Each structure stands twice: as structure tokens, then as C-alpha cells.
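Some notes on the structure that comes next.
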Amino acid sequence: VQLQASGGGLVQPGGSLRLSCAASGNIFRIDTTRWYRQARGNQRELVASIRSGDITNYADSVKGRFTISRDNAKNTVYLQMNSLKPEDTAVYYCYFFINPGGEYWGQGTLVTVSS
């Protein structure tokens, strides 16, 4: 199983980006998908998660601004990011828990929020 993340880039404060992460390979069922981020000098932190039944959870810092969703037919998870702030600048990583199979990570995509 491989994960391919895309959608990062440079955006001005207040702008929007949509990240995508597509899984390919031998996939039976995707249980949980998550987005993490890691800013320079900081530990990796959980941003958002979505699991079976489309149950979502968000870090307090992104609630009301970010939306996680997924397309099971395409084995793809998305992160819609609105009202971006400079403190959202980080490398964003997608995570899939596939059953059976285990944990898989994407390669990371850089989001830079700056004027």
C-alpha cells in the first residue's frame, strides 16, 4: 500500500487550500484516516481524523476552519483548510489504518501561510 499526498503550497493568510491523500495497492477496508502536521521545531500533532460512519474529530486549533472528508470509492482522504493562519504553516502528513494491513503514512506536503 502506498499513500500519495498532494495539494500543499504557499497561500496568504485568510486563504484556503485543499489537501488530498490517495491510497493505492491491496486495500480491503480503510478504518481510520487522519491528518497530522509538524511545524519546524515542533512535534507532530494530530489535526483531524475521520473513521467509519464519517465520525470526525479536530484539534481545537483548527475547529471551524478545517474539514476532513473521504471518498471510500477512491481510497482518498481530503483536508479542506479555510481561513488559514501563519501558525498553520507545517508539513502535513496523511495517515491510514487499513484492515487488515496496519498503519501507513504519506510522504508529507508542505503548507506555507505567509504574506
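The values are calculated or read from the model by the stated rules, or taken from the named source; none is laboratory data. Quick caveat, the model's predicted, so the values are computed rather than measured. Here the Cβ positions follow ideal geometry from the backbone for every residue, glycine too, while neighbour counts run over all protein chains shown. Remember, those area values only see protein heavy atoms, side chains included, never the ligands or the DNA or RNA. Shrake-Rupley method; radii C 1.70, N 1.55, O 1.52, S 1.80 Å.
List of remarks:
- Trypsin sites (Lys or Arg not before Pro) lying in DSSP loop within the stretch 47-115, provided at most 11 other Cβ fall within 10 Å: K63
- Accessible area per residue, Å², the stretch 1-93 with all protein chains present, probe 1.4 Å: 56 Å²
- Carbon-plus-sulfur accessible fraction, the stretch 25-115 (probe radius 1.4 Å, protein heavy atoms only): 44%.
- GNM remark for the chain: springs join alpha carbons under 10 Å apart, and the peak mean-square fluctuation among A59, A23, A48 falls on A59.
- The loop-placed trypsin sites (Lys or Arg not before Pro) in the stretch 3-43, going by DSSP, that have at most 14 neighbouring Cβ atoms within 10 Å of their Cβ come out as R40.
- Candidates per chymotrypsin sites (Phe, Trp or Tyr not before Pro) in the stretch 1-88, loop by DSSP, up to 16 other Cβ within 10 Å: F28
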